[in-house]
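Below is one structure, written out as structure tokens; the observations come after it.
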Amino acid sequence: MNILYVCTGNTCRSPMAAAITLARMAEAPDRYAGLAVASCGLYAAVGALASEGAEKALTRHGLTAAAHQARQLTPDHIAAADLILTMTAAQAATLSQAFPQAAGRIRPLAGQDISDPFGGSDADYERAYREIDAAVAALLETLPKEDVG
């Protein structure tokens, strides 16, 4: 199963979601052997690194996105993904409208919008981290074993 995380610029929320997911996968490699994770942005500055705030939040939890480079979402990314998870309901609606053939595979990651911490305080990034971490944990528990292992 290929999971694609999407946010606005692919420098804060979606790279954090990918890093958190990869870390959780590493805790149970046999369970998640068939799972692949990627991230993109709706309006990415291609090649940009994860934001300083995102990297600091990840580092506080023993994770990193240091190798991350922002990618612009393309139709090929949509086609390759089995599950496309956005950070807001509005992003999910935008993608569903732009890619109606994939609408059934697009949804927000969490039950509520994960606010964009870009340019915010360390507390804003920490809040986003915690919201994403909880949503990723819930997601991984609900994925069918045959799709990820």
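What follows draws every value from the coordinates through simple rules; no lab data is involved. Computed from a predicted model, the values in this text were never measured in an experiment. Quick reminder, even Gly has a Cβ in these numbers, built from the backbone with ideal geometry, and neighbours come from all protein chains shown.
Counted by Cβ distance under 11 Å from Thr11, the other residues give a net charge of -1, where Lys and Arg count +1 and Asp and Glu count -1.
Listed from fewest to most Cβ neighbours within 10 Å, the set Lys145, Lys56 follows the order Lys145, Lys56. Summing charges over all other residues whose Cβ lies under 12 Å from the Cβ of Ala36, with Lys and Arg as +1 and Asp and Glu as -1, gives -2.
Under the membrane-span-like helix rule (DSSP H runs whose alpha carbons stretch at least 24 Å along the helix axis, mean Kyte-Doolittle hydropathy -0.5 or higher), the chain yields 122-142.
Within 15 Å, Cβ to Cβ, of Leu73, how many net charges do the neighbouring residues add up to if Lys/Arg are +1 and Asp/Glu are -1? Counting the neighbours of Leu73, the net charge comes to +2.
With contacts taken as Cα pairs under 8 Å and at least 6 residues apart, the chain reaches a relative contact order of 31 percent.
Note on the chain: GNM, Cα springs under 10 Å; of Ala98, Ala89, Ala70, the largest mean-square fluctuation is that of Ala98. Computed from phi, the 3J(HN,Hα) profile of the range 66-72 under the Karplus parametrisation 6.51, -1.76, 1.60 (θ = phi - 60°) reads 4, 8, 5, 10, 4, 10, 7 Hz, with x in place of Gly and Pro. Distance between the 7 Å Cα→Cβ label points at Glu52 and Ser121: 1.7 nm.
In a fully extended conformation the segment linking Arg60 and Tyr43 would gain 3.4 nm over its present Cα-Cα distance, using 0.36 nm per residue.
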